[in-house]
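This report concerns only the one structure given below.
The values are calculated or read from the model by the stated rules, or taken from the named source; none is laboratory data. From a predicted model like this one, the values you see are computed outputs, not experimental measurements. Please note: Cβ atoms are built from the backbone with ideal geometry, for glycine as well, and neighbour counts cover all protein chains shown. All accessible areas refer to the heavy atoms of the entire protein, side chains included, with ligands and DNA or RNA removed. Shrake-Rupley method; radii C 1.70, N 1.55, O 1.52, S 1.80 Å.
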Amino acid sequence: MSSKEIILEKARSVAALPIQTLEIIDLVQNPDVAMSQLQELIERDPGMTSNVLRMANSSSFRGVYEIGSIREALVRLGTKTVLELAVASAVAPVARQPVAGYDMPAGDLLTHSVVTATTANELAKHLKIDVNPRVFTAALLHDIGKTVLGTFIQVNPRPIIDLAFVEHIPFDEAELKVLGTNHPEVGAVLLESWGLPKTIVNAVAFHHKPDFCPESDRSAAEFVHVADILGRLCGLGVGVDGLNYTASPEAVHHFRITTHVAEEVTAKMIDTVSDMLGVFDVQAGSESHGN
Amino acid sequence: MNHTVGISEMKVSNNPEDVLVTYSLGSCVGLTLYDPVIRVGGMIHCMLPLSRLDPAKAQMNPCMFTDTGIPTLIQAVLNMGANKKRLIAKVAGAASPLDDNGIFKIGERNYTVLRKVLWKNDILIAAEDVGGTVARTLFLYLDTGKTVIRSGGKDREI
């Protein structure tokens with residue numbers, strides 16, 4: 001087997017998500033999910049209930065009055081937002097491990113994942129566009145392939161780093177040259193084997209090269225791409241790959257991203273992200289996130 | 001003792017046992033100021049170049065923006081007795097994505113504003129590690145004024 005085949009085989013063998021997580025993600029596929037069904041699913045899990053309520057009361061979402069129950073959250077924030085929060089609570093733990101090869105201590109990948117999802121959320125608000133919850137889920141999971149490469153396979157990152165930083169080629173392309181595959185592809189294979197929706201799989205697979213994404217999911221891939229680049233600017237939870245990626249001019253153009261938009265969204269994101277990170281017990285700019 | 005300077009924060013100290021550190025400088029810019037005679041030093045982590053983006057926020061927290069944050073840090077070390085003429089300034093951060101077409105160049109804009117503010121205050125930059133595509137961590141040791149950059153798992157003094 002080539003190194004690529006060995007890596008992808010490993011990705012398929014990573015333990016699947018808990019049933020309840022899959023049930024929640026299944027709901028993301030269904031645009032008309034009933035409020036009562038979602039409420040029941042969340043309330044079955046006290047941990048998820050508490051996480052969703054904490055996120056609902058964070059500065060990103062809460063209004064004047066405190067939200068005290070899932071029912072109230074559904075009425076005040078809408079089914080779509082509550083579903084996003086439930087998915088975040090369900091998938092976040094998979095990003096908690098340290099990623100050795102990428103110089104990311106425990107919590108860093110989760111921090112960058114939450115930063116990217118929060119950026120996606122703030123960007124959608126700023127652009128006044130309606131974004132599918134699947135995009136939010138993809139933003140949370142976009143770098144999950146690094147867990148496979150850095151932790152399960154423990155690839156030697158040195159040749160990739162040399163290629164990326166000495167020859168100035170994007171980190172994902174350097175991975176491809178050295179390993180025959182890269183973290184977006186590995187992540188997509190992992191998520192596909194977990195049975196996640198195609199839009200999420202494609203948005204993860206093409207988050208550094210959205211121009212190559214099949215048209216039906218290109219907009220989702222572009223959105224995750226832009227949120228990832230914007231999220232990387234703040235440096236939080238970013239590993240050895242740093243900002244060593246290229247932005248797609250098409251994606252930037254599609255969402256009319258200007259320097260002003262980038263700065264406004266970054267400023268809003270940093271205001272709201274620490275609450276979100278607190279829900280998952282990771283803190284912005286603390287020692288465990290330095291790199 | 002280690003003191004973490006978060007994003008949009010600053011810290012000053014005259015305790016020689018202190019180490020000031022700021023993590024995750026991406027396109028943000030970090031500045032250290034140190035007076036070696038009285039061993040007073042400070043560090044700031046500014047996120048965005050210009051306070052006119054959100055004047056209300058800048059009023060609440062001037063450290064968020066480079067144009068309001070740098071003068072705030074200068075004033076804070078002067079208030080602790082530092083002499084402006086002796087201040088040693090070191091800079092880190094201001095990274096950008098690869099092959100950027102200009103839109104995401106918040107790092108370069110941060111650096112330009114920082115230089116301008118320091119120049120206006122007659123403070124020269126003694127050393128710097130800026131630009132490129134890496135994220136950086138910056139340390140300032142109050143006992144000697146030693147400044148260390150960590151990136152890609154390696155430490156080096158500037």
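What residue, among those in region B:108-139 that are within 14 Å of another protein chain (Cβ to nearest Cβ) and either under 20 Å from residue B:39 (Cβ atoms) or of a type in the set (Phe, Trp, Tyr) (or both), is most open to solvent (accessible area, probe 1.4 Å)? Restricting to residues being within 14 Å of another protein chain (Cβ to nearest Cβ) and either under 20 Å from residue B:39 (Cβ atoms) or of a type in the set (Phe, Trp, Tyr) (or both), the top hit is B:111.
Every condition in (1) at pLDDT 95 or above; (2) open to solvent by 50 Å² or more (accessible area, probe 1.4 Å) is met by residue B:101 except one, and the failing one is (1). With respect to (1) without any contact (Cβ under 8 Å) to a residue 60 or more places away in the chain; (2) open to solvent by less than 10 Å² (accessible area, probe 1.4 Å), the lone exception for residue B:41 is condition (1).
A search for C-beta distances below 6 Å between a residue of region B:116-127 that is farther than 22 Å from residue B:50 by Cβ and modelled with pLDDT of 95 or more and any residue that is open to solvent by less than 100 Å² (accessible area, probe 1.4 Å) and in a loop (DSSP other than H, G, I, E, B), counting only pairs 6+ apart in sequence or on different chains, returns B:127/B:158.
Scanning region A:135-171 for residues that are buried (at least 24 other Cβ atoms within 10 Å of the Cβ), outside any helix (DSSP H, G or I) and in contact with a Leu (Cβ under 7 Å, 6 or more places away or on another chain) turns up A:143, A:144.
For region B:56-78, the count of residues that are among the hydrophobic types (A, V, I, L, M, F, W, C), under 30 Å from residue A:251 (Cα atoms) and either touching a helix residue (DSSP H, G or I) at 6+ places or on another chain (Cβ under 6 Å) or modelled with pLDDT of 95 or more (or both) is nonzero. Before we move on, is residue B:41 at pLDDT 95 or above, under 13 Å from residue B:140 (Cβ atoms) and away from every other protein chain (no Cβ under 12 Å)? So residue B:41 fits the description; yes.
Restricting attention to region A:102-134, which residues are in a helix (DSSP H, G or I), open to solvent by 10 Å² or more (accessible area, probe 1.4 Å) and under 20 Å from residue A:188 (Cβ atoms)? Selection gives A:133, A:134. If you check A:229, A:270, A:257 for being open to solvent by less than 10 Å² (accessible area, probe 1.4 Å), within 14 Å of another protein chain (Cβ to nearest Cβ), farther than 24 Å from residue A:149 by Cβ and not basic (Lys, Arg), only one passes: A:257.
Would you check if there is a residue in region A:9-24 being free of Cβ contacts under 8 Å to residues at least 40 places away in the same chain, surrounded by fewer than 19 Cβ atoms within 10 Å (Cβ to Cβ) and either on the phi > 0 side of the Ramachandran plot or of a type in the set (A, V, I, L, M, F, W, C) (or both)? Yes: one or more hits. For residue B:57, the stated conditions do not hold, so it cannot be described as within 11 Å of the chain's Cα centre (by Cα) and open to solvent by 10 Å² or more (accessible area, probe 1.4 Å). One residue alone among B:25, B:31 is under 29 Å from residue A:105 (Cα atoms) and away from chain A (no Cβ under 13 Å), and that residue is B:31.
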